[in-house]
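Q: Take this structure, written in structure tokens, and hold onto it; I'll ask about it next.
Please treat every number below as a calculation from the coordinates, not as lab data. Keep in mind that what you see is a predicted model, and the values were worked out from it rather than measured. Here the Cβ is made from the backbone with ideal geometry for all residues, glycine too, and neighbour counts use every protein chain on show.
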């Protein structure tokens, strides 16, 4: 075999092996490609100025398919600030099945022309006999993932099936934060989950923990208070943290929006379940500076998130004692 023939043979074999070993990008293995509508984020574009929308708890009841009626009627409002992507905060449908998967994919593909990402909720893996996390992962990819855009680190956690984080997730989260601490380009960290795990047994957030709408956590679960919060507060100056969750709402007895700022930590929860109060959050980043606003789905009214703080929650349940009695979880706040 002459040298040219040998070279051609080696080249052909190399190409064949690369084809055999190459793993094509799919939404299941690429966190920047949405499995909901096959839209992708380009990490190489200019991310110095952009916005995204966060909305939660958009599901309907067990006999209906797709997002709730209020979202379907008014979803056009989410595009007012030309967001680059949408973050759903869990509970996209009542229970998982091939039908509910196909339905949510069809609706997002037809109505949302930008990438959609989800912090998996308890209903997103729920079946009538338990949970099927494998079915969710096969349809939508790993529910726990992360990516960096510009000066922002986005961390999606999985605490839908259970209200707590697995030990594996805790370790991974702490490793990501350690890396972010030494990365001078990262200025904002978004920790995104379904459950409001940062409110668990947290005296500074007593109203939202007491009157929220989630599954009750184990009585001794204080990972956020004892481990994560001190770690977040120890991050270098100039880095801000935004904790976002979506397991609130769910009816007239519950509130649909929560906001609280504590030093460099900002807590945000948004969900749906009462048409007059249903809203979404728009987050805008400009040269590393973050601004927030809430928009009512029904009226389109824009509100400062400061109006949905601790006093708003306390006042609502003081003025509605019947609601407070029905949802009070004070016996669990120990």
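Q: In which sequence would 178, 193 go, from the one with the fewest C-beta neighbours within 10 Å to the one with the most?
A: With the fewest neighbours first, 178, 193 line up as 178, 193.
Q: Mind pulling the angle between the C-alpha long axis of helix 167-182 and the longest principal axis of the chain? Nearest 10 degrees, somewhere in 0 to 90.
A: Helix 167-182 sits at roughly 80 degrees to that axis.
Q: Can I ask one more? Just to confirm my numbers, what's the Cα centroid distance between the stretch 165-222 and the stretch 37-110 in Å?
A: 23
Q: Okay, next question. Using the count of nearby Cβ atoms within 10 Å as a rough guide to exposure, how do 260, 49, 57 rank from fewest to most?
A: Details: 260 23, 49 13, 57 28.
If I rank by nearby Cβ atoms, fewest first, I get 49, 260, 57.
Q: A follow-up question, please. Using a 7 Å offset from the Cα along the Cα-to-Cβ direction at both residue 142 and residue 302, what is the distance between the two label points in nm, to one decimal?
A: Spacing of the two 7 Å Cα→Cβ label points: 3.8 nm.
Q: Let's test this: bin the Cα-Cα distances of the stretch 224-322 at 10 Å from zero up to the farthest pair and state each bin's percent.
A: Spelled out bin by bin, the stretch 224-322 gives 14, 42, 31, 12, 1 percent.
Q: Subtract the Cα-Cα distance of residue 322 and residue 72 from 0.36 nm times their separation in residues, and report this length gain in nm to one decimal.
A: Numbers: separation 250, 0.36 × 250 = 90.00 nm, distance 3.07 nm.
Length gained between residue 322 and residue 72: 86.9 nm.
Q: Another question, if that's okay. With n ≥ 4 as the cut-off for DSSP H runs, can you work out [θ] at 222 nm for the chain, using -39500 (n - 2.57) per run divided by the number of residues, rounded to the nearest 500?
A: Numbers: 10 runs with 95 residues, N = 334.
Helix contribution divided over all residues of the chain: -8000 deg cm²/dmol.
Q: Quick one: helix 98-111 against the long Cα principal axis of the chain, what's the angle to the nearest 10°, folded into 0 to 90?
A: It is inclined by approximately 90 degrees.
Q: Considering all alpha-carbon pairs of the stretch 46-332, what whole percent are spaced by more than 33 angstrom? Kindly include the intermediate steps, with their values, before the conclusion.
A: On the way: 6834 of 41041 pairs.
Distances greater than 33 Å cover 17 percent of the Cα pairs.
Q: Return, for the Cα atoms of the stretch 223-278, the radius of gyration and Dmax in Å, separated by a comma.
A: 14.1, 41
Q: Hey, in the GNM for the chain with a 10 angstrom Cα cutoff, which one of 239, 253, 63 fluctuates hardest?
A: 63
Q: I've got another one for you. Taking the chain as a Gaussian network, where each spring joins two C-alpha atoms under 10 Å apart, which residue of 119, 181, 134 fluctuates the most?
A: Answer for the Gaussian network model of the chain: 134.
Q: Continuing with this model, one more query. Where does each of 59, 69 land when they are ranked from fewest to most other beta-carbon atoms within 10 angstrom? Before the final figure, lay out each step's value.
A: Values: 59 28, 69 11.
With the sparsest Cβ surroundings first, the list reads 69, 59.
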